Amino acid sequence: MVKQAGKPSGAQGPVPDDPLLWPFAAARLAMDSCFWWLERGPAEQGDSTLSWTTPSTVALELATMRLRDCSQTRSGQPALVCAPYALHRALIADFAPGHSVVQSLQTGGIDRVYLTDWRSATPDMRYFSIDSYLGDLNVAIDEIGAPVDLVGLCQGGWLSLLYAARFPAKVRRLVLVGAPVDVSIESSLCRLTRNAPEMVYDQLVARGGGNVRGEEMLHFWSKAPNRDDIVTALQIDLSNTEGAALLARFDRWNAETLDLPGKYYLEIVHRIFRENQIAGGSFVALGRTVDPKDVKAPVFLLAGLDDEVVPAAQALATAALLGTPPAFIAAASEPSNHLGLFMGARTHAHAWPRIAEWLRDDLSDVLARSA
């Protein structure tokens, strides 16, 4: 979370002064668990006007996404970055040089990198569910060639975990970055999501004609994050020419929103945040009940010490839910807020090279030591 001017440093997210509007804040937080600071500018529902940092081609066009192929070679172990499907576009994973997950993985020796470029929901997508996204993720992984290394960012993290539990043979290693899984561990997001009246969520979907509109959210939140907020997120000085360009790019990215299918959105609210079905082992994914203990693959967990959206305690608690032997679970914490985990220059200088090295490492020596 980016702190807002005029609020105490311990304040947890934007809460309207009008009590009739606070439930919409909760609804927005549930939808946009990755990015819940105040927004700026009109929503753009077409394709992004921003170019990608890393050259890529569209390997596959699916109903839910474009599968972007950023690979530098045709051979080697593939890694698929599962971007968050929340309010903003997948450019969060390839924002700018020095602020790109895709670039950091490539620099770290991962030559075959793919990215889920999620589509904004159209009216005919309003009944798409979490299963719709799991199904297309499965098609994408079959296209790439299983098993893949799956790198899940925030909401892309719990989606990746569900996929790894449903199709364990298709995931070689799993990376979860700032991912909310066991939401029984308190955060302001979880509290607000649970406390908002159910009708608020239904009305939000109805107002969007069956989808949740990014433009609707921007209608309630029109103030912009200040320069200090963006410095904190990008972890870089913005006072020079390069910084000014990054600031302008961030501003444009922040204004480009995605609509979400109403059914998908309501399933997130109820099945994940209110009922905690993933951590409880009761989530039904593509016709089968899955449990985090079904995940046996090596796992790397990355948490932000200053993350108020997915607190470090919540992000790291996933380790205790998995079926992966403890010797094959790696974890790291960075002095970062939520957005800084994906876009922060300091995080890309320290944490992401470690993740790339972990993906490349032969873990057979770990197995021998633990035997």
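When region 307-329 is examined, which residues are found to be hydrophobic (A, V, I, L, M, F, W, C) and within 15 Å of Gly157 (Cβ to Cβ)?
Val309, Val310, Ala312, Ala315, Leu316, Ala317, Ala319, Leu321, Leu322, Ile329
Residues that are surrounded by 16 or more Cβ atoms within 10 Å (Cβ to Cβ) and over 25 Å from Gly135 (Cα atoms): does region 295-303 have at least one?
First, pick out the residues of region 295-303 that are surrounded by 16 or more Cβ atoms within 10 Å (Cβ to Cβ): 295-303.
Going one step further and asking which of them are over 25 Å from Gly135 (Cα atoms), we end up with 302-303.
Yes; the residues of region 295-303 include at least one that is surrounded by 16 or more Cβ atoms within 10 Å (Cβ to Cβ) and over 25 Å from Gly135 (Cα atoms).
Checking the condition of a type in the set (Phe, Trp, Tyr), modelled with pLDDT of 95 or more and not in a helix (DSSP H, G or I), which residue from Tyr133, Tyr114 passes?
On inspection, the qualifying residue turns out to be Tyr114.
Would you mind finding the one in Leu322, Leu266 that is surrounded by 17 or more Cβ atoms within 10 Å (Cβ to Cβ), within 22 Å of Ala86 (Cβ to Cβ) and not hydroxyl-bearing (Ser, Thr, Tyr)?
Leu266
Just the residues that are within 18 Å of the chain's Cα centre (by Cα) and hydrophobic (A, V, I, L, M, F, W, C), please, taken from region 53-91.
Met65, Leu67, Ala79, Leu80, Val81, Cys82, Ala83, Ala86, Leu87, Ala90, Leu91
Name the residue that is nearest to Ala317 (Cα to Cα), counting only residues in region 352-371 that are in contact with a helix residue (DSSP H, G or I) (Cβ under 8 Å, 6 or more places away or on another chain) and modelled with pLDDT of 95 or more.
Filtering first and then ranking leaves Ile355.
Kindly list, by first and then second residue, each pair from a residue in region 272-290 that is over 14 Å from Cys190 (Cα atoms) and among the charged types (D, E, K, R) to a residue that is surrounded by 13 or more Cβ atoms within 10 Å (Cβ to Cβ) and modelled with pLDDT of 95 or more, limited to pairs with Cβ atoms under 7 Å and residues at least 6 apart or on different chains.
Correct list of pairs: Arg288/Arg166.
Considering only region 138-174, state which residues are assigned to a loop (DSSP other than H, G, I, E, B) and closer than 17 Å to Leu341 by Cα.
Matches in region 138-174: Cys154 only.
Filter region 47-72 down to residues that are part of a loop (DSSP other than H, G, I, E, B) and touching a residue at least 60 places away in the same chain (Cβ under 8 Å) and give me whichever is surrounded by the most Cβ atoms within 10 Å (Cβ to Cβ).
In this case the residue turns out to be Thr64.
Take the conditions out of contact with any His (no Cβ under 6 Å at 6 or more places or on another chain), surrounded by fewer than 20 Cβ atoms within 10 Å (Cβ to Cβ) and at negative phi and apply them to Thr257. Does it pass?
It is false that Thr257 is out of contact with any His (no Cβ under 6 Å at 6 or more places or on another chain), surrounded by fewer than 20 Cβ atoms within 10 Å (Cβ to Cβ) and at negative phi.
Being under 19 Å from Ala179 (Cβ atoms) and either in a strand (DSSP E or B) or modelled with pLDDT of 90 or more (or both) narrows it down to one residue among Arg252, Arg271; which is it? Reasoning before the result, please.
Working: Arg252 fails: under 19 Å from Ala179 (Cβ atoms).
After applying the criteria, what remains is Arg271.
Can you find, within region 175-190, the residue that is modelled with the lowest pLDDT among those that are in a loop (DSSP other than H, G, I, E, B) and of a type outside the set (Gly, Ala, Ser)?
For region 175-190, the residue satisfying everything is Glu186.
What number of residues within region 223-249 are in a loop (DSSP other than H, G, I, E, B) and on the phi < 0 side of the Ramachandran plot? Please lay out each step first, then the result.
Residues of region 223-249 in a loop (DSSP other than H, G, I, E, B): 223-226, 235-240.
Of the ones still in play, those that are also on the phi < 0 side of the Ramachandran plot are 223-226, 236-240.
So the answer is 9.
What number of residues in region 288-317 are in a helix (DSSP H, G or I), farther than 30 Å from Trp253 by Cα and of a type outside the set (A, V, I, L, M, F, W, C)?
Number satisfying all stated conditions: 3.
Looking at the structure I just gave you, is Ser75 over 20 Å from Asp361 (Cβ atoms), in contact (Cβ under 8 Å) with a residue 12 or more places away in the chain and outside any helix (DSSP H, G or I)?
No: the conditions fail for Ser75.
In region 193-234, which residue that is touching a Phe, Trp or Tyr at 6+ places or on another chain (Cβ under 6 Å) and either among the acidic types (Asp, Glu) or farther than 15 Å from Leu266 by Cα (or both) is modelled with the highest pLDDT?
The selected residue is Ile230.
Among the residues of region 321-337, how many are touching an Asp or Glu at 6+ places or on another chain (Cβ under 8 Å) and in a helix (DSSP H, G or I)?
Total satisfying the criteria: 1.
Identify the single condition in (1) in contact with a helix residue (DSSP H, G or I) (Cβ under 8 Å, 6 or more places away or on another chain); (2) of a type in the set (Asp, Glu); (3) more than 30 Å from Gly243 (Cβ to Cβ) that Asp117 does not satisfy, given that it satisfies every other one.
(3)
Without any contact (Cβ under 8 Å) to a residue 60 or more places away in the chain and under 12 Å from Ala179 (Cα atoms), is that true of Ala319? Steps first, please.
On the way: without any contact (Cβ under 8 Å) to a residue 60 or more places away in the chain: yes; under 12 Å from Ala179 (Cα atoms): yes.
So Ala319 fits the description; yes.
The values are calculated or read from the model by the stated rules, or taken from the named source; none is laboratory data. In this text the structure is predicted, and so the values were computed from the model without any measurement. Positions of Cβ are generated from backbone atoms using ideal geometry, with glycine treated the same way; all protein chains shown enter the neighbour counts.
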